[in-house]
Amino acid sequence: MAVVDRSIYVISDLHLGGEYSKTPVGRGFRINTHVNELTGFVEDLTRTADRRGTKLELVINGDMVDFLAEKRHDIEAREDGFDWTPFTYHQDAACAKLEAIAVRDAEFFQALGAFLDRGNRLTILTGNHDLELSLHPVRRKLREIIGVKSGQDYELISNGEAYVAGDALIEHGNRYDNWNAVEYDRLSRLSSFMSRKLLVPKESFFDPPAGSKLVAWVINPIKEEYKFIDLLKPETDVAVPLLLALEPGYRRILATIARLALMARGQGKQKAFSSHFGSDIHAGPESGFAISGSDMRAFPGENEMEIAQDDEEAALEAVLQNRLSGETQAFLNALPPAASSPGASLGGDISTAKFVDRAVGLAKLLFSEDDADVGRRLPALLKALQALQPDRNFDHDYEAAPEYSEAANQLFDGGFRFVVFGHTHLAKHIEIRPGRWYLNSGSWSDTIQLPREIITAHPAEAGMKLETFVQDMATGFLQRWILFRPTYLRLDLNAKDQVTNTELLHYEPARGFVA
């Protein structure tokens, strides 16, 4: 049996953020409703280290906190009409949001402090929902909240850097997802200017990824009607057919986001954004960053839209074609006539009041007496759900999204034997090549796992199961669909800094660390 010199425990995608429900039942505005269990995990890890008399390391591999779940702070401008923003540019507002998260879930952050106090190591990587941790004042605020003391073994890794532990590479994994890939060079330059309270030039504008815009502009605004919407991961092009099936009135916004995502692949995104900001961006004496007349906006102004609306519609159809293949037109035909054409150009700001028709939303039909309209929409919803959760999506030994296994394969060429991601919320433990393993730490937030009947069954049987889901959606009775399966990875390393053992484990609060 190999001698273990040190052990690393990896968790990810905690998504702490959002208001709790004001009633005993209900989710509030949260993805993670299991902070007690999460706190228990950290406390169990601390006790395990004490019992063994060894130093353990806890790695939180991205999306520990969720700034996208926090409404705009009072000091943030609201000119675009949205309650949420894809990125919090105002440093004071970002710190205030982090502090609000920490107050709600104080016991977890106290447990992290106690873990460090016992001589253990804590490593935190940023993900795509907590990019604000790349800003210096926010990093400092996090240290203060956890209670990090001088000399303690604590490290926060941001700006897209990976973490190397022996022959294992650990990173969040969003860089391999086109919709959530982050321009870290611009984020780093933005943080650099802001830390000095200097003018932020337009060429250093940081534009958050399309996935963040999808959450802030579409997913969050419809969450009250579709309480399950942020539990169906991921927020990528896979989600676009579902969102369009539920809320066809968001077609124009979804088309814009689709275009931005395609442009993010290297087709000149900054050209479409740069001139809107110019000299309006300047340093402020208190926050280190202020905007004349408005907050920094993460969407194009009317004069900057150099790509025609037809190209936006083409981008949306390209996304649908990628996920629905030859069924794209049938999918669009199943939507209401109001959503079957692109409508007027977006331009200007894209506030929900000006550019969204909520009257065609499926939630509205569910509470009406027009069963025929609901029935016509169900085939489109079924196709969207089948694209979102392909067969074997939740299997630990299978990766349905090839971009992650392909990325792991490339990283193996750098000499790593183990590649660890998070981001997808799907735990994995897969031998990609002989002796080369791709691991995913999964998530500590709730997910919805649709039954296989919806995904793979004959259309008639799938339709019957879908009707049950739709009825539960209308009444808010979602418990039968929600899955909470907290997972973590354990990596054992020897004195030569080689990984000798890896395990994907489920945490059971009543029993502690259990495979």
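Where a number appears in this text, it was derived from the coordinates with a stated rule and is not lab data. Here the structure is a predicted model, which means the values were calculated and not measured. Counting neighbours? That spans all protein chains shown, and the Cβs are built from the backbone with ideal geometry, glycine included.
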(request) Can you work out the PRE-style zone for LYS55? Point 7 Å along Cα to Cβ, and I want the residues of the stretch 106-149 with backbone N under 11 Å. (result) 119-122
(message) Can you give me the distance in nm between label points at ARG433 and GLU224, each placed 7 Å from the Cα along the Cα-to-Cβ direction?
(response) 5.3
(request) Grab the beta carbon distance between SER21 and GLN449, set R0 = 22 Å, and tell me the FRET efficiency rounded to 0.05. (result) 0.50
(request) Give me ARG30, ARG118, ARG511 ranked fewest to most by other Cβ atoms within 10 Å of their Cβ, as a rough exposure proxy. (result) ARG511, ARG118, ARG30
(message) Which residues among the stretch 227-255 fall inside the zone where the amide N is under 19 Å from a point 7 Å beyond the Cα of ASP311, along Cα→Cβ?
(response) 252-255
(request) Give, in nm to one decimal, the length gained when the segment between ALA510 and LYS149 is fully stretched (0.36 nm per residue of separation minus the Cα-Cα distance). (result) 126.8 nm
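Extension gain ALA359-GLN410, at 0.36 nm per residue separation less the Cα-Cα distance, in nm?
This chain segment gains 13.6 nm when fully extended.
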(message) What Kirkwood Rh does the stretch 201-261 have if only Cα atoms enter the pairwise 1/r average? Answer in Å.
(response) 12.1
(message) Only counting other Cβ atoms within 10 Å, I'd like SER325, SER445, SER7 sorted with the fewest neighbours first.
(response) SER325, SER7, SER445
(request) Quote to one decimal, in nm, the extra length available between HIS396 and ARG480 on full extension: 0.36 nm per residue of separation minus the C-alpha distance between them. (result) 28.1 nm
(request) Return the lysines within reach of LYS202: Cα separation strictly under 29 angstrom, same-chain partners fewer than 8 residues apart disregarded; answer none if there are no such residues. (result) LYS71, LYS97, LYS141, LYS213, LYS269, LYS271, LYS354
